[in-house]
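**Q** There's a structure below that I have some questions on.
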Amino acid sequence: MKNRALILISVLMVLSLVLAACPAPAQPAPEAAAPVEAAPTEAPAAEVVAEPTEAPEAEPTAVPTEEPMAEAGCPADAPSLTIWADNTRAPVLSSVGESFTAEFGVCVAVVEKGFGDIRDDFKVAAPTGEGPDIIIGAHDWLGTLVTNGLLAEMDLGDKDADFLDAAKQGFIYDGALYGMPYATENVALMYNPEIVTEVPTTWTGVTELAAQLEADGIVEQGYILQQGDPYHFFPIQTAFGGYVFGVTDTGYNAEDVGIDSEGSIAAATWLDEMVKAGHLKADIDWGTMHAQFWNGDAAMMITGPWALPDTRASGIPYAIAKLPGEVQDAQPFLGVQGFMVSAFSSDPLLAQTFLLDFVATEETMQAIFDADPRPSAYLAVRDKIDDPDLLGFAAAGANGLPMPSIPAMDSVWSAWGDAETLIFQQSEAPDVAFQQAAEQIRTAIAEK
């Protein structure tokens, strides 16, 4: 196979360099930090209100490094690959690494880190040469990592067709691919099937059903939505034809802000009408929204797979459906997780071929899915999902839009969420609120 030949060539090149060089005495590296509990790839936006993506943080002052190769089980002079992974996926990759070592003699060191620590530690360690060859991470890290020159471009080659197109799109930045996806996540419509016997296919239908259920005294709210949360409002906005940033052949265009587009204002107007009619209420947060659904006081809501454990524990009847459309199909934000190769890897070709030949297989992708069930980005595994909840989320995200990873996205969340809050509080007309938000966003982007 072509990739295996490339691996052999790469290993021989590494060995020749090792033999030709006279190694300096090894310097002790700092002791590796204790593994921490893996954080969700994408926290429910409601828990962080209007900002599901992480805000930029100050650069760490200390350089975190992975544990020394010898401690990781790799001789210092052996050809090697280092992978940073969270505690859910690390055991799977360790097993795959053993097979890779057995076949090619390349030591694979899998260093376990908390998912939330990988990006920030990598930003500091990679340029020093102390970082990993491969990391696991979320696609919306690209804005930070690519602009800082930390990631190598990837080419999936003949494996390209094996992955969900929308997942691959998530790892494209400025027209180049910087990751190999393994899973996706997105919101969908969760409803109580004992109350909602026919799921509305449009948001106009949601309004009509909510009015009927409330008038009949069946529930307090036919549909419930948390205040000031753009992440959960976005699929409603897209259903009316709205958008956040325009899309070009190379990705999202920060110069085309769509918060005040005709479709976005139409969605804001729908929201305003729902509030005026009493179908939606102000001051509802993520916890309250879910609690009312679990208590049977609300019939429908938008949520993500992260709500499944508590929903199941509540004992309330529930089902997952595609999001209603309006003038077009709704498109939720799509979160994508995958593998990225460091631009500072001593052998990025070896890292990429390891991913393509040993990770991009049905066996390995199935093992990753089994370790943390979420819709797989690998089609052969995605097509075998039989959990009705995951199938529902996968269907709802089939045409999802990858969460914008461009730096300009940091300027969007606050103004966008504030505009929604003004509508919920009936403090501003919907068109004015969204027009003001768009201007604030454009100003913030121009000042960066």
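**Q** Given a 1.4 angstrom probe, what's the average accessible area per residue across region 203-289, in square angstrom?
**A** Counting only protein heavy atoms, the per-residue value for region 203-289 is 36 Å².
**Q** Rolling a 1.4 angstrom probe over the protein heavy atoms, how many square angstrom per residue are accessible across region 309-438?
**A** Per residue, region 309-438 has 35 Å² of solvent-accessible surface.
**Q** Please report, as a whole percent, how much of the solvent-accessible surface of region 290-448 comes from carbon and sulfur atoms (probe radius 1.4 Å).
**A** The value for region 290-448 is 50 percent carbon and sulfur by accessible area.
**Q** Heavy atoms of the protein only, probe of 1.4 Å, neighbouring chains included. What is the accessible area of Thr443 in Å², nearest 10?
**A** Ignoring ligands and nucleic acids, Thr443 comes out at about 70 Å².
**Q** Quick check: at a probe of 1.4 Å, how many percent of the accessible area of region 107-195 sits on carbon and sulfur atoms?
**A** Carbon and sulfur atoms account for 36 percent of the accessible area of region 107-195.
**Q** Starting from the Cα of Glu362, move 7 Å in the Cα-to-Cβ direction to define the label point; list residues of region 371-404 whose amide nitrogen is under 13 Å from there.
**A** Residues passing the 13 Å test: 379-385.
**Q** Just the accessible area for Asp431, please: 1.4 Å probe, Å², rounded to the nearest 10?
**A** 60
**Q** Could you order Asp229, Asp165, Asp387, Asp347 by accessible surface area, starting with the largest, using a probe radius of 1.4 Å?
**A** Ranked list, largest accessible area first: Asp165, Asp387, Asp347, Asp229.
**Q** Could you give the accessible area per residue of region 69-176, probe 1.4 Å, as a whole number in Å²?
**A** Accessible surface, normalised per residue, equals 35 Å².
**Q** Find which of Thr269, Met300, Val247 sits farthest along the positive direction of the dipole of region 246-300, computed with +1 on the beta-carbon of Lys and Arg, -1 on that of Asp and Glu, about the Cα centre.
**A** Met300
**Q** Note down the relative contact order for region 265-410 as a percent, whole number, built from C-alpha pairs under 8 angstrom at least six residues apart.
**A** Across region 265-410, relative contact order equals 27 percent.
The values are calculated or read from the model by the stated rules, or taken from the named source; none is laboratory data. Note that the structure is predicted; figures quoted are calculated from it, not measured. As a convention, Cβ positions derive from the backbone with ideal geometry for all residues, glycine included, and neighbour counts pool all protein chains shown. Accessible surface is based on the protein model in full, side chains and every heavy atom, while ligands, DNA and RNA are left aside. Shrake-Rupley method; radii C 1.70, N 1.55, O 1.52, S 1.80 Å.
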